[in-house]
1. What are the semi-axes of the equivalent ellipsoid of the range 282-378, taken as the square roots of 5 times the eigenvalues of the Cα gyration tensor, listed largest first and rounded to whole Å?
2. Do the alpha carbons of any pairs in K432/K601; K432/K489; K261/K361; K432/K578 sit beyond 28 Å of each other, and which pairs?
3. With each pseudo-label sitting 7 Å past Cα toward Cβ, what's the Q152-A74 distance in nm, one decimal?
4. Per 0.36 nm of contour for each residue apart, how much would the distance between S488 and I464 grow if the chain were fully extended, relative to their Cα-Cα spacing?
5. Once you put a point 7 Å from the Cα of Q537 and another 7 Å from the Cα of E334, both along the Cβ direction, what distance in nm separates them?
6. If you stretched the chain out fully between A30 and V549, how much longer would it get, using 0.36 nm times the residue separation minus the C-alpha to C-alpha distance?
7. For the range 243-249, what does the Karplus curve 6.51 cos²θ - 1.76 cosθ + 1.60, with θ = phi - 60°, yield as ³J(HN,Hα) per residue in whole Hz, taken in order and with x for Gly and Pro?
8. Using the per-residue mean of other Cβ atoms lying within 10 Å as a proxy for protection, in what order, highest first, do the peptides 606-618, 42-54 fall?
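The numbers here are math on the coordinates, done by the rules we state, and not lab data. For clarity, every value in this text was computed on a predicted model and none was experimentally measured. Positions of Cβ are generated from backbone atoms using ideal geometry, with glycine treated the same way; all protein chains shown enter the neighbour counts.
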Amino acid sequence: MNLPHNPPPPPPSQSFSQMIIQVLLQDLGADAKLNKIAQRVADYGQADSCLIVSETDHRVSSWQGFWSVDEGGAESLLASLLSVAALERDLTEGGESHHWITGISPFQRCFRLHTPQGGLVILGYLNLPLHPLLTGQDQQAIAQGVAIAFSQLQLQQQVKIGEQYQSLLNPLAHALHRTSDWEDAVTTALAELAQTLDIDRSFALMLKANNPLYKTRSNQKLPSDARATLLGQWHNDRLPPLELPDSFWLTDSPFCGEAWKDFPQVHRVTETSPTLTSPNTEIDQILFPVDQVCSWLVIPLVGVNHRGKSSALILGFLVFQSTQKRVWQPHELELASWVTTQLSTAMLHNITLQKVQLLVKDRTEQLERSLDVQAKLYEKTRQQLAQLRELIELKDTFLDAVSHELRTPLTIMKVAIQMLRQADLPIPLQEKYLNVLDQEWQREHNLIQDLLALQRLESHQQEIRLQRLYLRDILNPLNEEFKETWASKGLKTEILYTTIPAVDESGNHPILLYSDLESLQRILGELLTNAGKYSQQGTTVKIEVCQEVAATGDRITIRVTNFGEAIAPEDQPHIFEKFTRGQGMTDNAVRGTGLGLALVKSLVEHLHGTIEVESHSGQDGELGETCFTLTLPQFPESH
């Protein structure tokens, strides 16, 4: 007969561990889970209160769970058990091992127990326990169960922090390397990190100096030429924003100096105390106000080091501040260091990019200036080539005109000389050929004189000899000479004098002006000669003289008008150029060198005057009309 077999009960350690695991699997926060575990421990040890602590080292933060049967007096009971934890630390450091402690009010006895990972379990009994003492197996079950709880909670926290950090790192790295707006990227990174670490203010300082700031272990002296600039900042409503000058000397901030000296160790303050030196500079009173900030962390921004492991290139500082006491955890330091590394890399990248951009801008400006110079040189060269072509054309025209004007008189003179060599040449013919020689010589002489006069005028070598002149005394002899010269064509002249306003009604019209006599005679003579050449036979050449009194200065205007074949419109803009003659003039074989009007133009400008031409063809068989208008100052400023 088989009797029913009941499995043996699990050992105490296994059943207690299962209770702990069941609590850990509940959907509760870490603090709530620890408080429930403390309750399970108290029930297991039949205690009135229980405190569990993950670490007894005061330099780091610890997990803590508490439960008490007396909820109303829980706060005082917790304080008593915390005093046992401190006492236990002292006893442990003294080398003794005690499990039961008395004299901790209001407890009759307290039991303390270490966990394998350095944690602590404290049970408080308000009355003396009636049950036997906890066996070694019970103590082991409690220690292992609490150790499992701390280990699992720490693992869960690490996973949660890892997920939280991972969700931060990718956008943070993207923000830091977004060089389009470097300052906004730094501010975004500071804000994201500050909120993740639950701190109240964060800011970044960038250092600048004449030379790269290398920090060595042996040299703790602060660089005297380093200046710090606020690169970016973030703050919540518990701390105000920093209001700093544009830059300040690194030596003006002793706390930043301490961070410089502590490198490569991270400079951290867990809690400000009276022993901490108060800021004695205006800069540190702004950066590290001990009356507002309780703890801070200062991490140097380190660049790429090309000098080996004995030195480091310091770019600036990353600062985190909290208004509460803060124990900086290893994972927080690790995250802050990672962000610092990313920020340092991004800063170097941004600095390098700015240098490259400045270099590119400088090179671009140099290239633009070079291209501008080249463009100007090209334009200058193009203008010079155009001028050279004009000069070549002018030279060819000059050579054609001069060679023709020189050859024609020379040919005639040669023929006349040959005729004069005939021994039996009658006296009348001898006189005729001598007159021909004289005329052609005079023609050659005039051509050479015109060329020399143009050369003097263009090189500004001819002086103006101003003198008191009366136009009547100049025009009358020229008029008589004109009538004599062109009598064969039946040409007449008509001189009209007009004074505005009228000042002389005697009919003499002297019209005084100050000018160069020789130049004025040559101008009027050439204009009359030109009018005689191109006037139709039997016509009248009009000479109109007008004196104008104006606020801008008195002027004399002389118009010489002839009637005949007009100057073609396309020829009029070039009529005053050297060796330029209208098409009709060359077709009709009118003698001339093309220098007369060019000489007139130069002489008029030499006298500070102007000359214009107007010419239009007649209609219905009427003659064309050509008018040259000469304007001269009556009293030049030089007079």
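1. Three semi-axes, in Å: 45, 18, 11.
2. Over 28 Å apart, Cα to Cα: K432/K601; K261/K361; K432/K578.
3. It is 2.2 nm.
4. My answer for the length gained is 5.0 nm.
5. My value for the distance between the label points is 12.3 nm.
6. Extra length available between A30 and V549 comes to 175.9 nm.
7. Here the 3J(HN,Hα) series is 10, 10, x, 4, 7, 8, 6 Hz.
8. Ranking, from highest mean packing down: 42-54, 606-618.
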